[in-house]
Each structure stands twice: as structure tokens, then as C-alpha cells.
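The next block holds one structure in the form of C-alpha cells; read it before the comments.
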Amino acid sequence: MLHVEIAARSETGDRHHNEDDLRHGAAGSFRYAVLSDGAGGHRGGAVASDLVVRLAALGMQSAPHASPEALSHIVCETHAALGEQQHGRRGHDRMHATLVALWIDTRRALALWTHVGDSRLYMLRHGQVRRVTDDDTVVQRMVHAGYLSPEEARGHPRKHQLLSAMGSAEAVEPNTTEASVPVADGDAFLLCTDGWWDHFEPHDIETAFAAARSPQHWLDLMADDVRRAAVAGQDNYSAVAVWIGNPADTTRAGSPL
């Protein structure tokens, strides 16, 4: 079985309260991590993100097996539950949230992931990072269509305008991996909200990873960078780090992802 170590960090930033939420844990041979960024109404974002992570985590804890179909079903059930919570609750009728979730079968050395919105999942192998989710945003759609370059997208004023969100009036189509992905000792994952990833280019994530002694240290190094940037109006910023084996002791030279 794979050894998996998970750490998390969530900061309020320059806001009055934190509308991010996250959770991670174990259920038998499964390890899971889920993260959400909420918005809408008077503190409705905090309600939305809390419900999303609790229900998604519960679904992964209680599922008899890990499969893309099971993970997508968990997301859709969570979306429906959030919609039900909006009815008749003044101030919560506009609440919605993002979702990114990682599910690892340590016995079979396989991983699954899914997301809705613009919270992201990065995977590192041999110390090299690749973003494995595509933001559900207007700007990301423009990049795919060739209207914007990735560099232009980074500074675009609409880069956080969501096309899909948990709790929206429309049904969600979870962006779930089509099949399980093999993982091995030395691999690592980073789940993060937009308040976190907005500060980092891929090489920044790799640099912090190379200097880290543990998943918590990795997060602390990056969180220190966000704090030092002292951006006015800094959004809540949250992340979960997942290490398989001990990447700090694994040879990081090798083929890219």
C-alpha cells in the first residue's frame, strides 16, 4: 500500500471572514482531499463551501469503491443538496461554491479527481508540475478557443467569472477523470483556491516543493510568499498538499508528466 501524507492550510487574507473550506482524511485503503471556495449572500459563501466539503467527504468516506462514476455521482448529489439549502433561506439564495476533490486508492495505487469552478489541482512528478484541471471560467474558454493566450488570460479582468459552480441553477457536469490514474511514491498533489494559485507560476510551485521537507512545510513556504506579497484586498487563500511516499527523498530527475 502507498503511504500518503496530507496537510492543509487556509487563511482569511484581507477579507473579514473566510469563505474557503477544506477537508481530508482516510476510509479504509482510500485517502481523500476536498476543497471549496464559496461566495454569495450574507456569509452564504461560508455556508456553501462548508456543505460542499462535508457532503463530498462523506460521499468518498462511505462509497464502497472508487470509480469515475461514483465520484461524479457524489458531486451531482452535493450540487443538488446545496440547491435545496437555498430555498426559503433569505441571504442564501445566491450562494454557490467551487469544488476540487482528489481520491486515492492506496491499495491499487490509483487516483481520481474532479472539479467544478476555478479551484485547481496540480500534480507533481519528478518535481515537475502540471495543472490537471481546467478552470470553468469565461477566460479559460477563450483560451481554448484561441482568442486569448495563457499570458493574456492571467491578467484578464474576467478571469474569475465562472461558467459552472456548485449550487447554480443549472445542472453541473463534473470534470472528472475518465479513468483512474496510476500514482507512485514520489508523486504529489496540490489542491488550491484561486486566492492561492493566483500568486504562483508553475516554476514557483516547483521551487517551493524542492525546498520543502514535508507537505505542511511546502504549504507554509507558499503561504509565506502570499503574505509577503501583501496584495490589497487579498482573497481568502487555501490549499491541501498530498504527498505519496516521501517526495523529499525521491530522485526528482526524470521524464515529465
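Each reported figure results from applying straightforward, stated rules to the coordinates on display, with no laboratory input. All of these numbers come straight from a predicted model, not from anything done at the bench. As a convention, Cβ positions derive from the backbone with ideal geometry for all residues, glycine included, and neighbour counts pool all protein chains shown.
A few remarks follow.
- Segment 28-73 versus segment 90-142: alpha-carbon centroid distance in Å: 12
- FRET efficiency estimate (nearest 0.05) - Cβ-Cβ, HIS65 to VAL181, R0 25 angstrom: 0.95
- Sorted by Cβ neighbour density within 10 Å, fewest at the top, the residues VAL242, VAL226, VAL139: VAL226, VAL139, VAL242
- Stokes-Einstein D in µm²/s, Kirkwood radius over Cα pairs - segment 4-247 at 10 °C with 1.306 mPa s viscosity: 88
- Sorted by Cβ neighbour density within 10 Å, fewest at the top, the residues GLU69, GLU11, GLU19: GLU69, GLU11, GLU19
- Simple spin-label estimate for THR12 and ARG227 in nanometres, 7 Å along Cα-Cβ: 1.5
- Estimated distance in nm for a label pair at ARG130 and ARG94, the labels positioned 7 Å out from Cα along Cα-to-Cβ: 4.0
- Estimated dipole of segment 96-153 in Debye, rounded to 20 [Cβ of Lys and Arg +1, of Asp and Glu -1, Cα centre]: 400
- Taking each DSSP H run with n ≥ 4 as -39500 (n - 2.57) and averaging over every residue of the chain yields -9500 deg cm²/dmol at 222 nm.
- For ALA179, net neighbour charge (Lys/Arg +1, Asp/Glu -1) across residues whose Cβ lies under 15 Å away: -2
- Candidates per GluC sites (Glu not before Pro) in segment 170-232, loop by DSSP, up to 13 other Cβ within 10 Å: GLU170, GLU178
- Note: relative contact order over the chain, using C-alpha pairs below 8 Å and six or more positions apart, is 28 percent.
- Along each principal axis, taking the top coordinate minus the bottom one, the Cα set of segment 79-222 gives 48, 40, 30 Å in descending order.
- Computed lengthening from THR207 to ASN246, 0.36 nm per intervening residue step minus Cα-Cα distance: 12.4 nm
- Net dipole in debye of segment 27-134 [+1 Lys, Arg Cβ; -1 Asp, Glu Cβ; about Cα centre; nearest 20]: 320
- Neighbourhood charge, 14 Å Cβ-Cβ cut-off, centred on ASP136 and excluding it, Lys, Arg +1 and Asp, Glu -1: -2
- The Cα-based radius of gyration of segment 139-257, divided by its Kirkwood radius, gives an Rg/Rh of 0.99.
- Burial ordering of THR12, THR176, fewest other beta-carbon atoms within 10 Å first: THR12, THR176
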